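The values are calculated or read from the model by the stated rules, or taken from the named source; none is laboratory data. Remember, predicted model here, so these are calculated numbers, not experimental data. Virtual Cβ from ideal backbone geometry, glycine too; neighbours counted across all protein chains shown. Side chains are part of the model used for accessible areas, which takes the heavy atoms of the whole protein and leaves out ligands, DNA and RNA. Shrake-Rupley method; radii C 1.70, N 1.55, O 1.52, S 1.80 Å.
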Amino acid sequence: MLTAVNGALAPPAKARVAGPPTMSADAPLPHPDLVAAIPRLRRYARVLTGDSARADDLVQETLARGWEKRRLWAAGTDLRAWLFTIMHNVFVNQRALAARDAQNVSLDGDGEAGAAWQVPVRAPQQAHVELQEVLRELSRLPAEQREVLVLAAVEEMRYEEIAEILSIPVGTVMSRLSRARAKLRRTMASESDPVTPLKIVR
């Protein structure tokens, strides 16, 4: 439609098309979500490293990387999953560097790894004992199985989310979970008092 401007015909002004929201280079990550993610990051870091001190270092490095890359986070998406992805990548890179430096780092040992799982738990004595038994057996799983099991059973992530974090196919996630659960069941079956199996979110 044409409009008259000073006696002449002129085309109507073009309507503005709303685009995706832009984020300032210095836009912070959502503070409540970030604070809520820290305990989960610590737990996941212990799964990866099997050591409390190294886990704390990994969390610090993850938070630092997350802040540096904050412009890459899409507002409204799962900040926890985004940070978990960063942590996994940082850990993989650190492990590769350690291997190149000929450092023998065991992820499946029963020494410090077992100790790292001895976390304080406010629960009745029997429940506390059962939980410690599960944690002890969990620490003996291969790292790749332990990692997937914790993301599924503890963090309650779906297969697709785990696959994205670990950069592996969904089928691999399911296979690792199946092997981890089977091993735990075999171990727990030998106990006199059965322990409630870990819940898996699909």
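Which is modelled with pLDDT of 50 or more and not acidic (Asp, Glu), of Ala8, Ala45, Ala25, Ala13?
Just a single option satisfies the conditions, and that option is Ala45.
Need pairs with beta-carbon distance below 8 Å; first residue in contact (Cβ under 8 Å) with a residue 60 or more places away in the chain and within region 145-159, second surrounded by 21 or more Cβ atoms within 10 Å (Cβ to Cβ) and in a loop (DSSP other than H, G, I, E, B); sequence gap 6+ or separate chains.
Listed by first residue and then by second, the contacts come to Leu151/Met157.
Collect the residues in region 41-55 that are in a helix (DSSP H, G or I) and farther than 15 Å from Leu149 by Cβ, keeping them in residue-number order.
The answer is Leu41, Arg42, Ala45, Thr49, Ser52, Ala53, Arg54, Ala55.
If you take the residues in region 40-95 that are buried (at least 20 other Cβ atoms within 10 Å of the Cβ) and of a type in the set (Ser, Thr, Tyr), which one is farthest from Ala152 (Cα to Cα)?
Applying the filter and picking the extreme gives Thr62.
Could you give every pair whose Cβ atoms fall below 6 Å, whose first residue belongs to region 50-69 and is in contact (Cβ under 8 Å) with a residue 40 or more places away in the chain, and whose second residue is among the β-branched types (Val, Ile, Thr) and open to solvent by less than 80 Å² (accessible area, probe 1.4 Å), counting only separations of at least 6 or pairs across chains?
What qualifies is Ala55/Thr49.
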